[in-house]
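The structure under discussion appears below in the form of structure tokens.
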Amino acid sequence: MKKIILTAAILLSCLSVKIASAQISLSINIGNQPEWGPTGYDHADYYYLPDVDSYYDINAHQYVYLNNNVWVHGAALPPRFGNYDVYHSYKVVVNQPTPWVHNDVIRKKYVSYRGRRDQTIIRDSKEVKYTNHWRGDRGNGRRVVVHKTVKEDHRDDDHRDHHGDGHRN
């Protein structure tokens, strides 16, 4: 009888652990955000750019802007926004799908942020969570990759893969 109760208790505890782990969902995309993005957000889907009434799609690394009454996706903003500076302009985090569909509401809500220059960006942050942040300007199509020097230990050559990159299998 004790074995049956013990077996049932173990089975129930395993099921409850499985259920509990399925309920925990945390979405963090700090490393995906551009270095000119605002600090303080562990997750962001889009930035609304009030100075140019446009958006930046963080996951697609594309701008979304109005062109001839059609919302266009592109790697860079059009030439008419040539003086726009993503590093020194205000960005509003918007976590809703296709925010440009509700652009009138968003524009009215954030019109007061036009011209503001008082936002700390990821590049300039001293917060620990941004220490290993990807460095580069994905928004303008330029890519800067910082490589760290790794000291290799050649005494352990048997564990290296056959591609010569020093990574273990």
| Just a yes or no: is a residue in the stretch 69-81 closer than 15 Å to residue 121 by Cβ and of a type outside the set (Val, Ile, Thr)? | no
| message | Under 6 Å between Cβ atoms, which residue pairs at least 6 apart in sequence (or on different chains) link something in the stretch 88-111 that is within 18 Å of residue 38 (Cβ to Cβ) with a partner that is among the polar types (S, T, N, Q) and at pLDDT below 95? | response | 90/119
| said: If I filter the stretch 131-142 for residues that are surrounded by 12 or more Cβ atoms within 10 Å (Cβ to Cβ), modelled with pLDDT under 95, charged (D, E, K, R) and outside any helix (DSSP H, G or I), do I get at least one hit? | reply: yes
| request: Within the stretch 52-74, count every residue that is touching a helix residue (DSSP H, G or I) at 6+ places or on another chain (Cβ under 8 Å) and not in a strand (DSSP E or B). | output: 5
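The values are calculated or read from the model by the stated rules, or taken from the named source; none is laboratory data. These numbers were taken from a predicted model, which means no experiment stands behind them. Quick reminder, even Gly has a Cβ in these numbers, built from the backbone with ideal geometry, and neighbours come from all protein chains shown.
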